[in-house]
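A short worksheet on the structure shown next.
The values are calculated or read from the model by the stated rules, or taken from the named source; none is laboratory data. Only a predicted model underlies this, so the values are computations on that prediction, with no experimental measurement involved. FYI the Cβ positions are ideal-geometry reconstructions off the backbone, even for glycines, and counts take in every protein chain you see. We work out accessible area using only protein heavy atoms, side chains counted, and drop any ligands, DNA or RNA first. Shrake-Rupley method; radii C 1.70, N 1.55, O 1.52, S 1.80 Å.
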Amino acid sequence: MTRPVLVTGATGFVGGRIVQRLVDDGVPVAATARRDSHDRHLPRLGVEIRQADLRDENALRRACGGVRAVVHAAGLTRARNDAELFDANAAGTERVARAALSGGADRFVHVSSLAARGPDRNADDESGPDASGVDAPAHAYGASKLESERRLRALAPDGWAVALRPSAVYGPGDADLLPLFVLARRGLLPTPPARMTLQPVYADDLADLVARIVARTSLPGF
């Protein structure tokens, strides 16, 4: 029997689209869920639910047992304080990666964020990455995602892990960018200042990329 792909954050917007794509491709999927989760959509898709919390290392090790790959899409975009962000996004990623290694997973795909890079530098703004490509996140969320990548890189064997940095993800089921589309439908389209650029990515395109990475026989160095 083919070992499943484990997806964390499967009840969320991005994780849910990734699960759907993998299921559509005929890939056996398992998903982590907290004990208080009452999501019934995943079992209807044939997804195996494995109870685990990002803070529970033992539960994560059990959840990662027997999987061939882990797609880590869980995390927080906002929290009560910076410490919560770093615990969920940085320490949480490290816990999941360690569990995946101990469980014998062949591959680890980490859904990070473009916020880890920070805003591009321009003539009017001296913040952000410089010409050498040094990351300079502008806020705690981006810093926590950058730290998650650093921790993953420190423990991942060559060719085992990859970190993706999608920008704002939109699509059916997204609540964050929905107000912009509602305004656009009413004939109003807010635009950023000319010196700023937006780089949204469609959720199904991101899910397609993740599925392709999972299916590859090898990964570039991380």
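Only one of (1) at pLDDT 95 or above; (2) among the acidic types (Asp, Glu); (3) over 16 Å from Tyr141 (Cβ atoms) is not met by Asp53, so which one is it?
Of the numbered conditions (1) at pLDDT 95 or above; (2) among the acidic types (Asp, Glu); (3) over 16 Å from Tyr141 (Cβ atoms), the odd one out for Asp53 is (1).
Looking at segment 1-53, which of its residues are closer than 23 Å to Ala168 by Cβ and of a type in the set (Lys, Arg)?
Arg17, Arg21
Name the residues in segment 93-116 that are part of a helix (DSSP H, G or I) and surrounded by fewer than 24 Cβ atoms within 10 Å (Cβ to Cβ), would you? Steps first, answer last, please.
Quick first cut of segment 93-116, residues part of a helix (DSSP H, G or I) only: 93-102, 114-116.
Glu94, Arg95, Arg98, Leu101, Ser102, Leu114, Ala115, Ala116 - these are the residues of segment 93-116 that are part of a helix (DSSP H, G or I) and surrounded by fewer than 24 Cβ atoms within 10 Å (Cβ to Cβ).
Taking the condition at pLDDT 95 or above and out of contact with any Lys or Arg (no Cβ under 9 Å at 6 or more places or on another chain), does Leu101 pass?
Yes; evaluated as a whole, the condition is true for this residue.
Per-residue answers, yes or no, for (1) in contact with a Gly (Cβ under 9 Å, 6 or more places away or on another chain); (2) in contact (Cβ under 8 Å) with a residue 60 or more places away in the chain:
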{"position": "Gly9", "(1), (2)": "yes, yes"}
{"position": "Leu22", "(1), (2)": "no, yes"}
{"position": "Val29", "(1), (2)": "yes, no"}
{"position": "Ser37", "(1), (2)": "no, no"}
{"position": "Pro43", "(1), (2)": "no, no"}
{"position": "Glu48", "(1), (2)": "no, no"}
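What pairs come out if I take residues in segment 95-115 that are of a type in the set (Asp, Glu) and pair them with residues that are open to solvent by 50 Å² or more (accessible area, probe 1.4 Å) whose C-beta lies under 9 Å away, six or more apart or interchain?
Short answer, once both residue conditions are applied: Asp106/Arg3; Asp106/Arg68.
Scan segment 77-86 residue by residue and report those that are open to solvent by 60 Å² or more (accessible area, probe 1.4 Å), modelled with pLDDT under 95 and closer than 27 Å to Leu206 by Cβ.
Those that are open to solvent by 60 Å² or more (accessible area, probe 1.4 Å), modelled with pLDDT under 95 and closer than 27 Å to Leu206 by Cβ: Thr77, Arg78, Asp82.
Among the residues in segment 73-93, are any free of Cβ contacts under 8 Å to residues at least 40 places away in the same chain, farther than 22 Å from Lys145 by Cα and not aromatic (Phe, Trp, Tyr)?
Within segment 73-93 (the criterion being free of Cβ contacts under 8 Å to residues at least 40 places away in the same chain, farther than 22 Å from Lys145 by Cα and not aromatic (Phe, Trp, Tyr)), the answer is no, since none of the residues qualifies.
Go through segment 60-76 and report how many residues are open to solvent by 30 Å² or more (accessible area, probe 1.4 Å) and within 21 Å of Val162 (Cβ to Cβ).
Total meeting the criteria: 2.
For segment 9-66, enumerate the residues that are part of a helix (DSSP H, G or I), closer than 25 Å to Ala90 by Cα and among the polar types (S, T, N, Q).
Passing the criteria: only Asn58.
Can Arg78 be described as in contact with a helix residue (DSSP H, G or I) (Cβ under 8 Å, 6 or more places away or on another chain), basic (Lys, Arg) and in a loop (DSSP other than H, G, I, E, B)?
Numbers: in contact with a helix residue (DSSP H, G or I) (Cβ under 8 Å, 6 or more places away or on another chain): yes; basic (Lys, Arg): yes; in a loop (DSSP other than H, G, I, E, B): yes.
Yes: the conditions hold for Arg78.
Which members of segment 1-28 meet the condition of being within 17 Å of Ala215 (Cβ to Cβ), within 16 Å of the chain's Cα centre (by Cα) and open to solvent by 10 Å² or more (accessible area, probe 1.4 Å)?
If the condition is that a residue be within 17 Å of Ala215 (Cβ to Cβ), within 16 Å of the chain's Cα centre (by Cα) and open to solvent by 10 Å² or more (accessible area, probe 1.4 Å), then Arg17, Gln20, Arg21 are the ones that fit.
Can you tell me which residue is nearest to Ala90 (Cα to Cα) among those in segment 145-167 that are in contact with a Gly (Cβ under 8 Å, 6 or more places away or on another chain) and surrounded by 21 or more Cβ atoms within 10 Å (Cβ to Cβ)?
Taking the candidates together, the pick is Ser148.
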